[in-house]
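The values are calculated or read from the model by the stated rules, or taken from the named source; none is laboratory data. Note that the structure is a prediction, hence the values are computed from the model and not measured. For neighbour counting, all protein chains shown are included, and Cβ atoms are generated from backbone atoms with ideal geometry for every residue, glycine included.
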Amino acid sequence: MGSPVGTPGAEAGHFAGLFVDQDRRVGDHGDGAYNVSFQGAVTSLSTGVSTSLASTATSLSTGVSTSLATSLSTGVSTSLASTVTSLSTGVSTSLISTATSLSTGVSTSMASTATSLSTGVSTSLASTATSLSTGVSTSLASTATSLSSGVSTSISDLSQGISSSLAVQSTSLAGVSTSLTSLNNAFVAAGFPATQPNQGLQIGNGASVTGSGGTALGFGAHAGSQSVAVGTNAFAAGPDDTAVGYSANVTADHGSAFGANAAVHAVGGTAIGAGATVAAGATNAVAIGAGSVATDPNSVSFGTPGNTRRLENVTAGVSTTDAANVGQVQAAQTAAVSQANAYTNSFAAGFNYRLNQVSVRADEGTAAALAANGVPQAFNPSKTLVGVGLGSWGGQAALSVGASHIFEDGQFAVKITGSFDTHGQAGVSTGVGWQF
């Protein structure tokens, strides 16, 4: 039967006897009891292995997920390779450790069967762990390679796309730069310098500005301080001059010339029209019209002595310093002539009346003289004669009454006569005579 109970040899014999008895029982009674015991061990082993593998798979999945998430953010290829190596080592170690633990537990309770089973399970689990590790490693390596290749390809495509876009933008910007350069060159060629005068502007080849606030526009145009010159060779000396037109020329202060070759040479002068000119000394004068010339201060000229002009559509003047149009002049002339005629007619009528009165008076005087002459004269000494005379002349009549006396010696006589005309006028005449 073996060694006594309580010694190692006895225990070994006991276990051996147990297995022999079990074999005998199997042979004698069937495999029910052994199957129950072995199935329980296998079930425990299967459950333990499944639980361990499930736990390991969960840990592996969590680790792979975490590691992959972390590794992808910092470097997919390197991190995945490191993760695969770590997972392979961890899985092998974990599975081998699990197999060893299971083997030890089975051996303690089941002796040689456990040893055989442990060896088989360990070999199987080691093979499984190796296959799982190899499969996981290969799968993860393939995934890492694919992921790394895909990310690299995507990054490469993105880089190429950005590079292509930047190249297009660079080409466009180069074109814009070329256009701006061409435009700038065109401005410079057109006489638009980059440097402009203080508070002024100059455009055109040869255009120039002296002083501040001047504007010169045109080939060879020149403007002085606070002046404007517009047109080829236009010249505004300044200050405060304006010259507009081909070769318009202002040489005096505060002058203005508008028109080709218009010129102002006097302070405050204004010339409007081609060739219009305000001569030197004609201060504040104005020349209006092509070729007009103003030579007197404070005057307005519409031409020259040999080239006069009419002003049309001029309204009637109102103030004493306003100009009068022809209608006003004609009306004034008519009124003046009418007044003159009235005066002349009145004077003539008065003169005629007075002349007529003189004529009447003359005729009356003549009639009175004739009447006085008609009075008789005394003719005897110491006698007095009273007489009446009548006279008529030019339709007028007169009556005379007179008296005469001759002294006694007959040598001395006197006479007095009074005359009256039809208009009530009266006259007296007297005379003395000596006879020898």
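On inspection, LEU385 passes the criterion of being free of Cβ contacts under 8 Å to residues at least 24 places away in the same chain and surrounded by 13 or more Cβ atoms within 10 Å (Cβ to Cβ). Exactly one residue out of ALA362, ALA332, ALA336 is outside any loop (DSSP other than H, G, I, E, B) and in contact (Cβ under 8 Å) with a residue 24 or more places away in the chain, and it is ALA362. Scanning segment 311-359 for residues that are touching a Gly at 6+ places or on another chain (Cβ under 8 Å) and not polar (S, T, N, Q) returns ALA316, ALA323, ALA324. The condition of being exposed (fewer than 15 other Cβ atoms within 10 Å of the Cβ) and at pLDDT below 65 holds for only one of ALA190, ALA167, that being ALA190. Looking across segment 393-436 at every residue that is loosely packed, with under 15 Cβ neighbours inside 10 Å and among the small types (Gly, Ala, Ser), the one that is farthest from the chain's Cα centre (by Cα) is identified as GLY410.
Considered as a group, the residues in segment 318-346 that are under 19 Å from SER301 (Cα atoms) and surrounded by 10 or more Cβ atoms within 10 Å (Cβ to Cβ) include one that is farthest from the chain's Cα centre (by Cα), and that residue is VAL326. Just so you know, in segment 222-249 the residues that are of a type in the set (A, V, I, L, M) and assigned to a loop (DSSP other than H, G, I, E, B) include one that is nearest to THR270 (Cα to Cα), and it is ALA248.
Tally time: how many residues in segment 204-221 are in a strand (DSSP E or B) and surrounded by 23 or more Cβ atoms within 10 Å (Cβ to Cβ)? Before the answer, list the steps.
Our first condition is that a residue be in a strand (DSSP E or B); within segment 204-221, this holds for 208-209, 215-217.
Filter again for surrounded by 23 or more Cβ atoms within 10 Å (Cβ to Cβ), leaving 209, 216.
Going through segment 204-221 one residue at a time, the tally reaches 2.
Rundown of residues vs (1) free of Cβ contacts under 8 Å to residues at least 60 places away in the same chain; (2) on the phi > 0 side of the Ramachandran plot, yes/no style:
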{"site": "GLY395", "(1), (2)": "yes, yes"}
{"site": "LEU399", "(1), (2)": "yes, no"}
{"site": "PHE407", "(1), (2)": "yes, no"}
{"site": "VAL414", "(1), (2)": "yes, no"}
{"site": "ASP421", "(1), (2)": "yes, no"}
{"site": "GLY424", "(1), (2)": "yes, yes"}
{"site": "GLY427", "(1), (2)": "no, no"}
{"site": "GLY431", "(1), (2)": "yes, no"}
